[in-house]
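Below is one structure; the comments refer to it alone.
Where a number appears in this text, it was derived from the coordinates with a stated rule and is not lab data. Since we're looking at a predicted model, the values are computed, not measured. When we count neighbours, we look across all protein chains shown, and the Cβ atoms used for this are built from the backbone with ideal geometry, even at glycine.
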Amino acid sequence: MPEEVVVRPAREDDVDFVFAMIRALAEYEKALDRVRGTPELLRAALFSKRPHAEAVIAELDGQRVGVAVFHGAFSTWDCQPGIWLEDFVVVPEYRRRGIGERLFRHVAKLAVDRGCSRLSWSALDWNTPALSFYAKLGAHALDEWTNHRLSDNNLLAVAAGLGSSS
């Protein structure tokens, strides 16, 4: 791993970089049209009095080259906190240089230091570079679990008691 890589907490002046990386990941995942957030919303999520998420930045020779965005989770089975890794991105031209591993290990260390029992995330089943990277680190896929989501009007309807029971 390159010694020049520094991983540090994101600062407010990193928001535009973080948001650009979020958009780049969404574009890679063929879902750019689903990014509805803005840098202002991201700034509020990361730096308000009660932030909903955190981010760390990987720098190589002072240049931002990667980001991890994460938030707290909780395992009822372990009765302990966890970390959910929402986005994990290294600038394409800096991949395969140990930066991603350094960044990922930093988040894993945060989880351990915070007494978390797990670090969790999801990856698209066709993203073989990411899946290989995670497997190399010892992660295992939870194939028996299916992610679910309520959003937009469906979320509003369920919250209002109007959701379908089927």
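Toward the positive end of the charge dipole of the chain, about the Cα centre and with charges on Cβ (Lys, Arg +1; Asp, Glu -1), which of Ala73, Leu156, Leu42 goes farthest?
Ala73
May I ask you to derive the relative contact order of the chain, considering only C-alpha pairs under 8 Å and at least 6 residues apart, and to give it as an integer percent?
19
What does the net charge come to around Val69 if you take all other residues with beta carbon closer than 13 Å to its beta carbon, with K and R at +1 and D and E at -1?
Every neighbour counted, the sum reads -2.
Net charge near Cys116: determine it from the other residues with C-beta under 14 Å of the C-beta of Cys116, scoring Lys and Arg +1 and Asp and Glu -1.
Around Cys116, the surrounding residues sum to 0.
Would you list His140, His52 from fewest to most Cβ contacts within 10 Å?
Going from sparsest to densest Cβ surroundings: His140, His52.
Rg and Dmax of the chain, Cα atoms, in Å?
17.0, 55
For the range 69-75, in order, what is each residue's ³J(HN,Hα) by Karplus, 6.51 cos²θ - 1.76 cosθ + 1.60 with θ = phi - 60°, in whole Hz (x at glycine and Pro)?
10, 8, 8, x, 9, 8, 9
Given a 10 angstrom Cα cut-off, can you work out which residue in Ser120, Ser75, Ser151 is the most mobile in a GNM of the chain?
Ser151
Which of the lysines could be linked to Lys136 by a straight reach, that is with a Cα gap under 24 Å, when you skip same-chain ones fewer than 8 residues away?
In chain and number order, the partners are Lys109.
Hey, got a sec? Which chymotrypsin sites (Phe, Trp or Tyr not before Pro) in the range 45-131 land in a DSSP loop and have at most 15 other Cβ atoms within 10 Å?
Loop-located and lightly packed - Trp77, Trp126.
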